[in-house]
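Enquirer: Let me begin by handing over the structure; questions about it come next.
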There are 4 protein chains.
Amino acid sequence: MSNLNGIIVPLVTPLQDRNTLDTEGLERLIEHVIGNGVDAVFILGSTGEAPALSYKLRLELIERTARLVADRVKIQVGITDTSFEESLTIANAASEHGADSVVLAPPYYFTTSQQELIEYINHITGQLPLPLYLYNMPGLTKTTFEPETVLQLADNPKIAGLKDSSANMMYFHKLKYTLRNHPDFALFTGPEELLAESVLLGGNGGVCGGANFFPSLYVSLYQACKNKDLDTVAELHRQIIKISSTIYCVGKYGSSFLKGVKCALSLMGICNDFISEPFHHFREKEREEVRKHLLDLGLL
Amino acid sequence: MSNLNGIIVPLVTPLQDRNTLDTEGLERLIEHVIGNGVDAVFILGSTGEAPALSYKLRLELIERTARLVADRVKIQVGITDTSFEESLTIANAASEHGADSVVLAPPYYFTTSQQELIEYINHITGQLPLPLYLYNMPGLTKTTFEPETVLQLADNPKIAGLKDSSANMMYFHKLKYTLRNHPDFALFTGPEELLAESVLLGGNGGVCGGANFFPSLYVSLYQACKNKDLDTVAELHRQIIKISSTIYCVGKYGSSFLKGVKCALSLMGICNDFISEPFHHFREKEREEVRKHLLDLGLL
Amino acid sequence: MSNLNGIIVPLVTPLQDRNTLDTEGLERLIEHVIGNGVDAVFILGSTGEAPALSYKLRLELIERTARLVADRVKIQVGITDTSFEESLTIANAASEHGADSVVLAPPYYFTTSQQELIEYINHITGQLPLPLYLYNMPGLTKTTFEPETVLQLADNPKIAGLKDSSANMMYFHKLKYTLRNHPDFALFTGPEELLAESVLLGGNGGVCGGANFFPSLYVSLYQACKNKDLDTVAELHRQIIKISSTIYCVGKYGSSFLKGVKCALSLMGICNDFISEPFHHFREKEREEVRKHLLDLGLL
Amino acid sequence: MSNLNGIIVPLVTPLQDRNTLDTEGLERLIEHVIGNGVDAVFILGSTGEAPALSYKLRLELIERTARLVADRVKIQVGITDTSFEESLTIANAASEHGADSVVLAPPYYFTTSQQELIEYINHITGQLPLPLYLYNMPGLTKTTFEPETVLQLADNPKIAGLKDSSANMMYFHKLKYTLRNHPDFALFTGPEELLAESVLLGGNGGVCGGANFFPSLYVSLYQACKNKDLDTVAELHRQIIKISSTIYCVGKYGSSFLKGVKCALSLMGICNDFISEPFHHFREKEREEVRKHLLDLGLL
């Protein structure tokens, strides 16, 4: 059912302030990633700070993104929410504006049993206007889609695949084995540090935050994997780990990944680096450090 | 600043279905708890399933509760949200309808550093129309208010106290010691299983889910603690642990507490036991078990 | 079966170096705690660094302690080990030298299921020459004695009780309720910060590391609890939290508790503060801080 | 310094009972793995149940293994212990009997800071007669060798490399990047499910428990990785995940891996499947299930 493969960019949400989009930045960002060959954009994910945005802003972002992308690549919209009703509202807006699919993690305040998770997913897909990708992100949601749970859900025709952001390759391999009789169920990998191995061993692609500022790196790595060019894979993988060990490790924050990506985009002149609460953007000292790493990568 | 002490009921949200209040049930529930002597009601907390409710429903609940309580006891309103803007909207509604204070846990999708948590709290209190109680609930929010953080926040005149639902008495004692020079900063305890000891050792009261269906038990225990009547304390404490070990342990669910409370209220004819996704109410087998425990407690 | 109640001191192991006892220090330490009224000494526990000591040293410590205590108070000996055989060897030595009971946590390298834990305990008690206290210490052993497990083990006549070092009062209360028909099964509490509430609500006493250097404080608190003298309880409890928040928080180490206790004993002239690998004793800066706190407590 | 590469078998310890080696089983096991091309045997690791064995048995195992291997492949000996002295005793025995290297995880009862871990490792290597491999196994030891810690230790000439059993490829890649200027520092991977990707992306080999009963599978996968034969890699990787999802998942035990491996060896007529406390071997029902899986793999 899914014919999505390759590199999906989980777009940051360019902001002027907490409740105002940086609309010019959004346009430049979309041109940057499409121009460098990504296969899809994913808005309102974790990298997009979706839970921190007001609902009004989320709806505006859907509308503007759809207009700017203009059918050049696929659009995925995150509808994860603690409230069933609010998830539906976002999903309906996504459909109206021509998005291709929606992405849903478990409700993330309470934790649920696997049985209740299955009921929840089957319940909501009954009302969804678009194909759904499950989103496994236990570090933030506290609930895992166990492989047996995914196997049960794989028969639901509304569900196209799963994005795994568990950062756990044991889980990924087990899941792929469990789904061995569902070859059309797509598996994408969240942490870009695991892109190489997941594609080499059967994954459909990656949802790579770094593709916001350096899209060609991830597109090239995906191609090298498909071409079985292991020397290139090793070299590009090493660059990704370098980015992860430098730009995403500036400061002492759990949120350094998001801050690093937005700071890089700001330094590259693509968009504003405002981040909504509870975070704040990098201040001058960290910004200088990111600048140095970008120079080293040849991105400035 | 705070003159709230004693037993606060974290009201369940009586529902007819996912998006419709059980308004008659809400009225009976409020009369039940006020008639049995509780000191305050707290709506839109975890026990109230706040994150699972649509925003429209949250606003309706504030308005109706305020009207039904009619200034007989204090009203607290939960404003915890992942979005700063949406927290403010709820807080403003609470103020308009005459609530006494608001309650705020850290944004619960991302985790934050303590420094960012302090900035977030100071930032939002600058715009809040009502006194604020901090809500420490790391099991659900993944972020703890460290004692040193609370000490820094205790100088903020908008902050009246903290409710601790960590279930960790080591933390509670350490926090109380850290705040030894802030005698007016109120400390309430979440898990009712820890009510006795926290009040005996200096806490201001409890936020007790069981007080929805058995308010007099918690009110009596609080009084016995204040009266230093240790024999009564021991006996009532034992009853609370019995409730916790029976009604809250029916089924194999992480959510048995919430399901047990709503099921008990339904069996007692107080309100509907509908629970919003991702949960569902107890089905017949579990309901029979709860009935048996209520009979044993003399509540049916 | 158990007639042990009150304050048990988990003795530190005074060392001259990694493999040599500070025998004079051991003698002074034993006189200090017995002279101040403790009810029992417990050697080869976590506070005694048992797992870090060579077996030769463990056997020597048993023999010397028994000789120095000379039947004035009860002696407990820790036999926790990852190897069944080595646990038995220590238990047999304890028995030969006249110890009163042994203490056993789950094997702490692998984690076990509750069913295997029950089999293990029943298996080893069949060969033990002395009554056994279970030791619940999941933070270090990774395995909890679930209340239902303890209930099954409570019928084993070799098992006298349980020491709970989980620092989790929810667990303690649940366990006590589960064992309501086993009034002779003794429950002791590990963290001294929880001594007051556990004794007020039905516990048999505490295993208090701070009783190494300040035994009278813990003995007095236990007596105040038994006398239902809540004002004294509150005051002594506050002193314990002060010690916990000062002496046990010096430096940035997970091991500050152990280092603080040994440093205090050294400053008071009782014994050497050598600590075996992987730790080291406090160096001058931390030592000065501990000295200041001891002066403040009136112990220097 | 290290010239070890490829597949290391973490040998199970064949036992007749808790304290008696199955010496004939040990001989058959060693012939089985050497005959199928493994590069080294590693005794007294987690798979070897080292912590559960008496010290007498550990020494006997070293002596017998050395005699049986007779210099045909390299021998590694685990010396992980909570006691510094006992680690040294095992290391000296390993050296006397001609082992090639020793393997050491952090002491696993207490947790240590990274600074103390560095001191501990440098301290013990000063007394070790053989090259050392660090062993990162945080799931059991509760202490991680942070990449920066390993970087500091990499200059210690006694340290040849690290085996990573964290099951965390994010860590593995970060560690490899951190050590980019230490090309001779060897990195081996613990979980066999991650063998393919770690070797494809620069690792030196694997320590594969399944190589006890199916050594040729792991040897072939390693060779396919070195030959950049991605189709064979994918096929053999899939077989490993199948073993992991079947034989290692029999029963509901955390210890199913160890029980599955010993049960397979027993069914194949190689050695006894006795397991020391706190575990027990698979009983008839689970044994039948393992038999079915072995038949399916063509191993019976």
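Enquirer: Look at A:LEU217 and say whether it is open to solvent by 10 Å² or more (accessible area, probe 1.4 Å), over 25 Å from D:GLU148 (Cα atoms) and at pLDDT 95 or above.
Expert: Here the answer is no, as A:LEU217 does not meet what is asked.
Enquirer: Only one residue in D:LEU162, D:LEU128 is part of a strand (DSSP E or B), more than 25 Å from C:SER256 (Cβ to Cβ), more than 13 Å from chain C (Cβ to nearest Cβ) and not acidic (Asp, Glu), so which one is that?
Expert: After applying the criteria, what remains is D:LEU162.
Enquirer: A further question follows. Just to be sure I understand the filter: pairs with C-beta atoms under 8 Å, separated by 6 or more residues or on different chains, first member in segment B:194-213 and facing another protein chain (nearest Cβ under 8 Å), second member open to solvent by 10 Å² or more (accessible area, probe 1.4 Å) and charged (D, E, K, R). Which pairs pass?
Expert: B:LEU201/B:LYS176; B:GLY202/B:LYS176
Enquirer: May I pose another question? So D:THR144 fits all but one of (1) more than 14 Å from chain A (Cβ to nearest Cβ); (2) β-branched (Val, Ile, Thr); (3) open to solvent by less than 30 Å² (accessible area, probe 1.4 Å); what number is the exception?
Expert: Answer for D:THR144: the failing condition is (3).
Enquirer: Let me ask you something else. Please pick out the residue among D:GLY269, D:GLY254 that is more than 16 Å from the chain's Cα centre (by Cα), closer than 22 Å to D:ILE43 by Cα and open to solvent by 50 Å² or more (accessible area, probe 1.4 Å).
Expert: None of the other options fit; the residue is D:GLY254.
Enquirer: Answer yes if at least one residue in segment C:187-195 is among the aliphatic types (A, V, I, L, M), modelled with pLDDT of 95 or more and assigned to a loop (DSSP other than H, G, I, E, B), and no otherwise. Write out each step before concluding.
Expert: Within segment C:187-195, the first condition is being among the aliphatic types (A, V, I, L, M), and the residues that meet it are C:187, C:194-195.
Narrowing the set further to residues that are modelled with pLDDT of 95 or more leaves C:187, C:194-195.
This time we only want the ones that are assigned to a loop (DSSP other than H, G, I, E, B), so: none.
No, there is no match, as no residue in segment C:187-195 is among the aliphatic types (A, V, I, L, M), modelled with pLDDT of 95 or more and assigned to a loop (DSSP other than H, G, I, E, B).
Enquirer: Identify all residues within segment B:1-60 that are in a helix (DSSP H, G or I), open to solvent by 20 Å² or more (accessible area, probe 1.4 Å) and either within 14 Å of another protein chain (Cβ to nearest Cβ) or not polar (S, T, N, Q) (or both); write none if there are none.
Expert: Looking only at segment B:1-60, we keep the residues that are in a helix (DSSP H, G or I), and these are B:23-35, B:50-52, B:55-60.
Applying the additional criterion that residues be open to solvent by 20 Å² or more (accessible area, probe 1.4 Å) yields B:23-24, B:27-28, B:31-32, B:34-35, B:55-56, B:59-60.
Selection gives B:GLU24, B:GLU27, B:ARG28, B:GLU31, B:HIS32, B:ILE34, B:GLY35, B:TYR55, B:LYS56, B:LEU59, B:GLU60.
Enquirer: Tell me, which residue of segment C:73-96 that is in a helix (DSSP H, G or I) and among the β-branched types (Val, Ile, Thr) is nearest to D:SER276 (Cα to Cα)? Explain how you work it out, then say what you get.
Expert: Pass one, segment C:73-96, residues in a helix (DSSP H, G or I): C:84-96.
Still in the list and also among the β-branched types (Val, Ile, Thr): C:89-90.
Numbers: C:THR89: 16, C:ILE90: 18 Å.
Checking each candidate, the answer is C:THR89.
Enquirer: Answer with yes or no whether D:TYR109 is buried (at least 22 other Cβ atoms within 10 Å of the Cβ), within 22 Å of the chain's Cα centre (by Cα) and within 11 Å of chain C (Cβ to nearest Cβ).
Expert: So D:TYR109 passes the test.
Enquirer: Further, regarding this structure: Please identify the pairs in which a residue from segment D:97-117 that is in a strand (DSSP E or B) has its Cβ atom under 6 Å from the Cβ atom of a residue that is open to solvent by 10 Å² or more (accessible area, probe 1.4 Å) and among the basic types (Lys, Arg), counting only partners at least 6 apart or on another chain.
Expert: Going by the 6 Å Cβ cut-off, there are no qualifying pairs.
Enquirer: Report, ordered by the first and then the second residue, all pairs with beta carbons closer than 9 Å, sequence separation of six or more or different chains, a first member in segment D:284-297 that is under 14 Å from D:SER245 (Cβ atoms), and a second member that is open to solvent by 30 Å² or more (accessible area, probe 1.4 Å) and in a helix (DSSP H, G or I).
Expert: Going by the 9 Å Cβ cut-off, the qualifying pairs are D:HIS293/D:LYS242; D:ASP296/D:LYS242; D:LEU297/D:GLN239; D:LEU297/D:LYS242.
Enquirer: A:ALA154 - would you say it is farther than 26 Å from B:ASN136 by Cβ, touching a His at 6+ places or on another chain (Cβ under 7 Å), open to solvent by less than 50 Å² (accessible area, probe 1.4 Å) and without any contact (Cβ under 8 Å) to a residue 60 or more places away in the chain?
Expert: Numbers: farther than 26 Å from B:ASN136 by Cβ: yes; touching a His at 6+ places or on another chain (Cβ under 7 Å): yes; open to solvent by less than 50 Å² (accessible area, probe 1.4 Å): yes; without any contact (Cβ under 8 Å) to a residue 60 or more places away in the chain: yes.
Here the answer is yes, as A:ALA154 does meet what is asked.
Enquirer: Okay, next question. What residue, of C:ASP17, C:ASP39, is of a type outside the set (S, T, N, Q) and more than 17 Å from the chain's Cα centre (by Cα)?
Expert: Within the list C:ASP17, C:ASP39, the selection yields C:ASP17.
Enquirer: Would you mind listing the helices (runs of 4 or more DSSP H) fully within segment D:215-296 where at least 3 residues are within 12 Å of another protein chain (Cβ to nearest Cβ), closer than 30 Å to D:SER54 by Cβ and not β-branched (Val, Ile, Thr)?
Expert: Correct list: D:256-267.
Enquirer: Identify all residues within segment A:1-60 that are in contact (Cβ under 8 Å) with a residue 40 or more places away in the chain and of a type in the set (Ser, Thr, Tyr); write none if there are none.
Expert: The answer is A:SER2, A:THR13, A:THR23, A:SER46, A:THR47.
Enquirer: Among residues belonging to segment B:176-189 that are in contact with a Phe, Trp or Tyr (Cβ under 8 Å, 6 or more places away or on another chain) and within 14 Å of another protein chain (Cβ to nearest Cβ), point out the one that is nearest to B:VAL219 (Cα to Cα).
Expert: B:THR189
Enquirer: Can you list residue pairs whose Cβ atoms sit under 6 Å apart, with the first residue in segment D:128-145 being over 17 Å from D:PHE172 (Cβ atoms) and the second being in a strand (DSSP E or B) and β-branched (Val, Ile, Thr)? Count only pairs 6 or more apart in sequence or on different chains.
Expert: D:LEU130/D:VAL102; D:LEU132/D:VAL102; D:LEU132/D:ILE159
The values are calculated or read from the model by the stated rules, or taken from the named source; none is laboratory data. Given the structure is predicted, the values throughout are model-derived calculations rather than measurements. Every residue, glycine as well, gets a Cβ built from its backbone with ideal geometry; the counts of neighbours run over all protein chains shown. When the accessible area is computed, the model is the full protein with side chains, heavy atoms only, and any ligands, DNA or RNA have been set aside. Shrake-Rupley method; radii C 1.70, N 1.55, O 1.52, S 1.80 Å.
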